[in-house]
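Student: The structure is given below, and queries will be raised subsequently.
Derivation of every value follows stated rules applied to the coordinates shown; laboratory data play no part. None of the values given here were measured: they were computed from a predicted structure. Backbone-built Cβ (ideal geometry, glycine too); neighbour counts: all protein chains shown.
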Amino acid sequence: MCGFFATFSPDAGQRSLELQARLAEALEHRGPDDFQTLHLDGCHVLFWRLSIVDVAGGRQPMNSADGQTTVVYNGEIYNYKALKRGLVRRGHTFRTESDTEVLLRAYEEWGVAAFSRFEGMFAACIIDRCHNRVVLARDVLGVKPLYFAAEQGRLVIASEQKAILADRQTPCLDRSAFTSYLLLQTVPDSRTFFSGISKVQPGMVLEFAFDCLQPLSAEPIRRRRSVEQRRYVDYRRNVRRTIIEQVRLATDTELSACFHLSGGIDSNLLVGLSRRLHPGRSFTCVSSYVEGPADPEFAHIRQAAEHHGVRLKSVDVNAETFFDAIDDVLYYLDEPVGDPGVVAQFLVNRLASEEAKLVYSGQGLDEMFFGYSRDLAAYTIEQHGSSALVPGSRAFQRINANTRQFFRGWEEFLRPLAAVPMAPDLALFRKLCRLDAFDSPPGLHKEVLQALRQTAFDYFSQLKGRTTGLNEFMLETEISVQLPSLLHMEDRASMRHSIEGRVPFCTASILDLARRSKLSWTFTNGQPKGVLRDAFKDVIPQPILERRQKVGRPIPFRRWLAGREGAPFLDDLRKKREMFYDLLKMDFVTYALDHPNPRDRSAWAAVSLSRWIDLYDVSLS
């Protein structure tokens, strides 16, 4: 794990030296173990390292033997040992035991096609002077971040936006990104909140000319497709084999590690498999409870820890701890995200950093194997029509009994989808939107609603245009809209505390598996993530398998905001009415605070945006 900054321009070296103290402030938390610089003609690189693999030999930037190729990268290539063996057979010799050198040699052997061979997480910058190019690449699910700004004859690349901002006078808000944030509470394309700063999208390879810094190409990482399976039993066997192998690769380390543990399928699958793969190790799991250990969800977490035989450490997330941490969280996030639960994530990882240098999380399976109510609803609509979402209807009685169980408690959530018949893909996308632009929310100005609807239909049309069939649409929607925000939070919450966060389920091979599934296989027995439940019923604790009402624990943000600890933040928000009116031409503060749905996140969106603007001194013009 690491943080890096690279600038390409005629005065690159001098400019970076002038900024070095500010750059260290921006990126040192990502790599406190080592600091290196490299100066080339027209290029300067600064690198902060969190040493995980080959502490002595894996220092970066790393040069090829002839000095013509330089690599800096952030992440871990889980299958680097197998790749190294193959490269040795092809005649390559290695000076280190690091995965960084494997990346470098693989690029020398295969060029940009090397990225299709990697399992794991990576954000890489390769300076290839032999072919006069700068190559940027990011893993297929975007686990690790990579940002760039190309302007006025300069190219700047960094692991976090705040490092690029170190070279700017006044950060400016990208207003078009703000509309996307209101709709989805994330910005799912190459834009960021900062005008002029872009992100390399997941699974993309960008190339720039080294001498003139002009963009040359932007291509997806192309992988060989896995063999199509015709029988469910073969697919389930492949799911089990592949997931076990990916967890084995990601946990192949002698370093002590922590695991995030919840009362759900994914983290219990990860912990259960890791315990089987490494029976001699002691395991520590970290978690949280909301307003004390009497939190009902914590009982499931404690029961799961006892089942796995692991030590459990937990942190209390309450109004005081939440508001004490909020500004620190928003600063290290770089830009607002739509879930107040990210504060709890930061607090849990702070606890993990006291125990280990690695922390494992179960992110990704909900998105790739459809673990959300909206996914099950879309599948049900395709099979039985919208009326099947209405409890008591004849159509509802015809659907799978397990499906009916999962829908209990979600009646209000599903009601809009049953009220007006719509295609299953549109129903899914509607429920992914945090503000329902397909309805007419009371208090939302008509011009704002019109802009949100246009943004919604633009995104929907883009997703439809690059997919075929409901399975492809659902997968593409979840991994391009929902998952990037979760992985952004995962990265910043771990790196803030200088620990490496690994997500073993977010690999190219598991994504390939999800692409090869049929919806009837994914929803085996009428259940979200049905094939995973079926394939791993001997690993996941039975009480977790049988849960039907498990949801992410919502932070009671509006209640806390109205209390003593939230009072300064509420007062500050009310003072920003004019700012929001300038952005939206409406009183968004009153709209957010008075919203009738207690689960609505508008208040969090408003507070986090307001604090972020102050923390970064962002210009709205």
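Student: Kindly give the semi-axes, whole Å and largest first, of the ellipsoid equivalent to the chain, taking each as the square root of 5 times a Cα gyration tensor eigenvalue.
Tutor: Values for the chain, descending: 37, 31, 24 Å.
Student: Apply the Karplus curve 6.51 cos²θ - 1.76 cosθ + 1.60, θ = phi - 60°, to the phi angles in region 212-221 and return the couplings in whole Hz, x for Gly and Pro.
Tutor: 10, 6, 7, x, 9, 6, 9, 10, x, 5
Student: In addition: Roughly how many nanometres apart are two label points built 7 Å out from the Cα toward the Cβ at Cys172 and His445?
Tutor: Roughly 2.2 nm, to one decimal.
Student: Give the long-range amide H neighbours of Val205: residues separated by 5 or more places, or on another chain, with amide H under 5 Å away, using H modelled in the peptide plane at 1.01 Å from N.
Tutor: Counting only residues 5 or more places away or on other chains, the set is Glu219, Ile221.
Student: Search the structure for amide H atoms under 5 Å from the amide H of Asp34, placed 1.01 Å from N in the peptide plane, and list their residues when 5 or more places away or on another chain.
Tutor: Counting only residues 5 or more places away or on other chains, the set is Arg49.
Student: Right, here's the next one. Amide H neighbours of Phe259 under 5 Å, at least 5 residues apart or on other chains, H built in the peptide plane: list them.
Tutor: HN-HN under 5 Å from Phe259: Thr284, Cys285, Val286, Tyr360.
Student: Next question. Quick one: if the Förster radius is 25 Å, what FRET efficiency do Ser461 and Ala209 give, using the C-beta to C-beta distance and rounding to 0.05?
Tutor: FRET efficiency, Ser461 to Ala209: 0.15.
Student: Okay, next question. Sort out for me the Cα centre separation of region 566-621 from region 304-361, rounded to whole Å.
Tutor: 24
Student: Give me the distance in nm between label points sitting 7 Å out from Cα along the Cα-to-Cβ direction at His39 and Leu17, one decimal.
Tutor: 0.4
Student: With the contact rule set at Cα under 8 Å and sequence spacing of 6 or more, what percent relative contact order holds for region 566-616?
Tutor: Here the relative contact order equals 31 percent.
Student: Hey, what do the phi angles of region 585-595 turn into as Karplus ³J(HN,Hα) couplings, whole Hz, using 6.51/-1.76/1.60 and θ = phi - 60°, x for Gly and Pro?
Tutor: For region 585-595, the Karplus curve yields 6, 7, 7, 6, 5, 4, 4, 5, 6, 9, 4 Hz.
Student: Spelling out what I want: for every residue of region 46-58, take phi, set θ = phi - 60°, compute 6.51 cos²θ - 1.76 cosθ + 1.60 (Karplus), and round to whole Hz; glycine and proline get x.
Tutor: 10, 9, 10, 10, 9, 7, 10, 9, 6, 4, 7, x, x
Student: Given 0.36 nm per residue, what is the gain on full extension from Asp594 to Tyr232 after removing their alpha carbon distance, in nm?
Tutor: That pair, Asp594 and Tyr232, stretches by 125.4 nm at full extension.
Student: Test of understanding: extend the Cα→C-beta vector of Glu151 to 7 Å, then name every residue of region 599-621 with backbone N under 15 Å from that spot.
Tutor: The answer is 618-621.
Student: Less than 19 Å apart at the alpha-carbon level, and either on another chain or at least 8 residues along: which lysines does that give for Lys446?
Tutor: Lys585
Student: Using 0.36 nm times the number of residues separating Thr96 and Lys518, minus their current alpha carbon distance, what extension gain do you get?
Tutor: Stretched out fully, the Thr96 to Lys518 stretch lengthens by 147.6 nm.
Student: Would you please give the FRET efficiency between Glu28 and Thr242, computed as 1/(1 + (r/R0)^6) with r the Cβ-Cβ distance and R0 = 35 Å, to the nearest 0.05?
Tutor: 0.40
Student: Could you work out the relative contact order of the chain, using alpha carbon pairs under 8 angstrom and six or more residues apart, expressed as a whole percent?
Tutor: That works out to 16 percent.
Student: Could you check the simple spin-label distance between Arg415 and Arg453, using points 7 Å along Cα→Cβ, in nm with one decimal?
Tutor: About 2.2 nm separates the two model spin labels.
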